[in-house]
Structure formats: C-alpha cells, structure tokens
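Note sheet for the following structure.
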Amino acid sequence: MKGRKVFWVHELHQRYGPVVRISPDEVDVADAEAFNEIHKIGSPLLKSPWYVKFRGEVNCFTCADPKVHGRKRKTLARPFSKSSLRDHWEPVVRELARKTVARVKSEAELGTADLLKWWTFFATDVTGEVAFGENFGLVESGQKPKIILDLEDVNRARALRAEAGVLYDLAKSCTFGYFDPLGRADQNIERMSFELMRAARQRSLSKANIISGVLNEANPEDRFSEREAVLEAIMIVVAGSGTTAITLTFLCWAVMANLAYQKRLEEEVASLDSGFKEADLETLPFLNAVVQETLRLYGAAPGALPRASPKGGCQLAGFHIPGDLTVNTQAFSYHRDPAVYSDPFRFNPERYLEGKVGGQAVFAPFGSGSRTCLGIHLAYLELRMATALFFRECAGARLASETTPESMEIVQHFLIAPKAHRCLITL
C-alpha cells in the first residue's frame, strides 16, 4: 500500500535468488530463461484472475482465454500497426504534441509548468483521437472532463480491489454499499462511452477511429458488438494515457537532471528539418537511446504481469512450481539485472550506443509474447515526437527548485508515479 512492492520483491531476489515466494499462493520469478518460458506464445501459464479483478470485465487486456484473446487482438492489431498509425494518426499526434509543448513553454516562461499534468493531457487526448476519432479537449482547455475524472476514480478503486480485495469488500459492506466508487463511476463511464461511440460511428466516413473500424469489420466473425467496442475503447484510453504520460515525465526529468545529456539531446533534435516525421526520429541515435533507457528504468508498469501456473504445476528456474499459483515476473528486476546492465540503477543512455548491454537481456516495458501491448508502436510514436518537440522548443529548460530526486522518487500502485505526483520545470 506504500507503493514500494517492486522494490521489496527486488530485494528478496537479491537475497534469496531467482524464485521467491511472496505470499502463500504467489511466487515471483527473476530468471531470463524462465521469463521466456512463461511468456512464450502457447505457454500453459495464462493470465491470472487478477486482471479481471482489476478491470472488472473481459477485454483484450484482461482476457485469459487464448482463443478469445486471439480474436480480439486480430481485429485490434490492424489499426495499431506502424503503417496504419503513420497513415492515420501521426499528424494528429504531432499536432497535439506541438500544442502541449506550447502550453508548457508558456507556463514555464511565466513561472513553472507541471510536466506530469501536461503529458497526461497530451496522451489522453491522443487516445481519444485513436479510440473515438475526437480528443477530449484536455490540451486545449487545460481541464479534465467528467469522463476522465471518473476513469481516474475507477482505476484507483480497482487497483485497491485487485491488491487488497478483502479490505475493499469490508469497506463496502461496513458502509452498507455507500463506499462503492466503482459502481457509480462505472455507470457514468459506460453511458458517456456509448455517446462517444455513436458520435464516432457518424464521423467514421471522414475520420479514422478504432470504434468505427471494429464495428464495421468486413468479416462478421471479427466484428465487435457495440458493448465489446466500447469496452475496448475504454481500455485504450486507460492503458494508453497514464502510461505514456508517466514515461515522458520521467524521461524529461532524467535528461534535465544531467546537463550534458540535455545539451546533447537538444543539439540532436535541433538538427532536424522543421517538418520532421517519425521516420526521421528513428534515425537519431541519442534520442532513441534516451527513450530505451527511460523505458528500462521508468517504464510505467514494471510490476508483476501475473500468470496462473497450470493444474499439474511446472518447472521454472530449477524449481517445481505447484499448480494454481500466481507466477509473477516483474520487469523492474529484469531491467536492473547487474549481469546485463552495469550500474543498473543509473540512468545512462550511452549504454545503448556503446554496446554495453550484455548477457541474456529481458526488455519488457510493454509486456511480452502474444500479450505484448497492442499500443507499442503508438507509444513509441508519442515518446519520440513529444521528446523531440519539447527539447527543440524548450531548449534550456530547467528543473524547478521543488523538483528534486526525493520528489521524483518512484512509487508504484500498478503504474509508477513520482512521489510528489508532479514534475515542475521553468524557463
């Protein structure tokens, strides 16, 4: 509950080895070969019931059944391909990033700007465009609409229910149902999402969006029902907003905390033509090294990736794991393996330029195998575009005095966040 679970589990591995039991029915594994076995395509270790407890319904993210997941993923994967993103949404992402950076610059010149706030507005507006064909207006207004506030309430409540279900149920029971943030907010979200869906279908002839695509699939077997489409659209907004915003915030902080890195990145992105595209950004060595190193240390979801061991048990890292246990593989530990990354807790993008990533590396900021995040290409597009525009337009930006290593200390409740829940900069 203190947001230190990934650190605690990592310390257990340092003390006891690659397999540790962290509760009566839960183990955590930090072994590269075992990781690949757990997350390979066709693995008998399926997603655990934790995912449905967290989200409360079955969608492409929570679904454990490989056949159902395969059908959903097949339909959703096409619009999330790199070519589709570049054709339909790269200009939208660039324009939203440009507007966000302009808002940051304006505030920072007058005092301070909160990067976590503005990157959250940016990433949430991007997911609105992708899912519904229209953004939520966060960057424009600087305010969160009702649906986003409800989504934040629901995510906090679901995280509590998933991690401490007994306490959640007890609180609900003792207050005769008055403590039920999920019920009230969920109803609002679903109602507003159906309204957005209807609007998305009407604009589908002139503007691409995921909703209209999955409802109008040519193959009836791949076509989603309206409720399915709404659940997937909500998941796109939830999964794609906070994650990207958090990673962008830590990226900017880590670079600005090292003046040499900041100068090098500013010079590299300044060399681009004004009309640069993502394909141009992919050729910039230091920019991409910064993105990779940020994902290693500050990927937004470095926790458990819980799977359920098969009925008869399985062998992992030299241990027999009994059946029906939860098996975790936290990226936090794999990304800080000293056999792979020298000085693993240090932010050092140059390790990717100098070939200093050794051993059997597991790099899983977006999950792995058939359950790799659908939005991986969208995330890279946002990270590269927003980073390039920020360090071009806000060259010379500084961390505000309130932004310290202590204020940026990681706390983790499913996603990570800075301890202060803000990152102030100035110009």
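What to note about this one:
- Candidates VAL269, VAL327, filtered to the one that is surrounded by 15 or more Cβ atoms within 10 Å (Cβ to Cβ), part of a strand (DSSP E or B) and either touching a Cys at 6+ places or on another chain (Cβ under 6 Å) or of a type outside the set (Phe, Trp, Tyr) (or both): VAL327
- Residue selected from the stretch 46-67 under the condition surrounded by 20 or more Cβ atoms within 10 Å (Cβ to Cβ) and among the hydrophobic types (A, V, I, L, M, F, W, C), by the criterion nearest to GLN360 (Cα to Cα): PHE61
- Every test in (1) part of a helix (DSSP H, G or I); (2) surrounded by fewer than 22 Cβ atoms within 10 Å (Cβ to Cβ); (3) of a type in the set (Gly, Ala, Ser); (4) at pLDDT 95 or above is passed by SER401 save one, and that test is (1).
- Test: residue in the stretch 1-10 that is within 20 Å of the chain's Cα centre (by Cα), β-branched (Val, Ile, Thr), at pLDDT 90 or above and closer than 17 Å to GLY367 by Cα: yes
- Residue count for the stretch 344-362, restricted to those that are at pLDDT below 95, in a loop (DSSP other than H, G, I, E, B) and not polar (S, T, N, Q): 7
- Boolean, THR283 is among the hydroxyl-bearing types (Ser, Thr, Tyr), modelled with pLDDT of 95 or more and under 23 Å from the mean Cα position of the chain (by Cα): no
- Filter result for GLY242 (modelled with pLDDT under 95, under 18 Å from the mean Cα position of the chain (by Cα) and not acidic (Asp, Glu)): yes
- Residue in the stretch 305-322 that is among the small types (Gly, Ala, Ser), in a loop (DSSP other than H, G, I, E, B) and on the phi < 0 side of the Ramachandran plot present: yes
- Within the stretch 289-298, none of the residues are assigned to a helix (DSSP H, G or I) and modelled with pLDDT under 95.
- Single condition VAL19 does not satisfy, out of (1) over 25 Å from the mean Cα position of the chain (by Cα); (2) closer than 12 Å to SER368 by Cβ: (2)
- The residue pairs whose first member lies in the stretch 1-27 and is aromatic (Phe, Trp, Tyr), whose second member is at pLDDT 95 or above and not in a helix (DSSP H, G or I), and whose beta carbons are closer than 9 Å, counting only pairs six or more residues apart or on different chains, are PHE7/ILE410; TRP8/ILE22.
- Filtered by the rule that a residue be in a helix (DSSP H, G or I) and under 16 Å from ALA308 (Cβ atoms), the stretch 36-47 gives GLU37, ILE38, HIS39.
The values are calculated or read from the model by the stated rules, or taken from the named source; none is laboratory data. All values reported here derive from a predicted model rather than from experimental measurement. Here the Cβ is made from the backbone with ideal geometry for all residues, glycine too, and neighbour counts use every protein chain on show.
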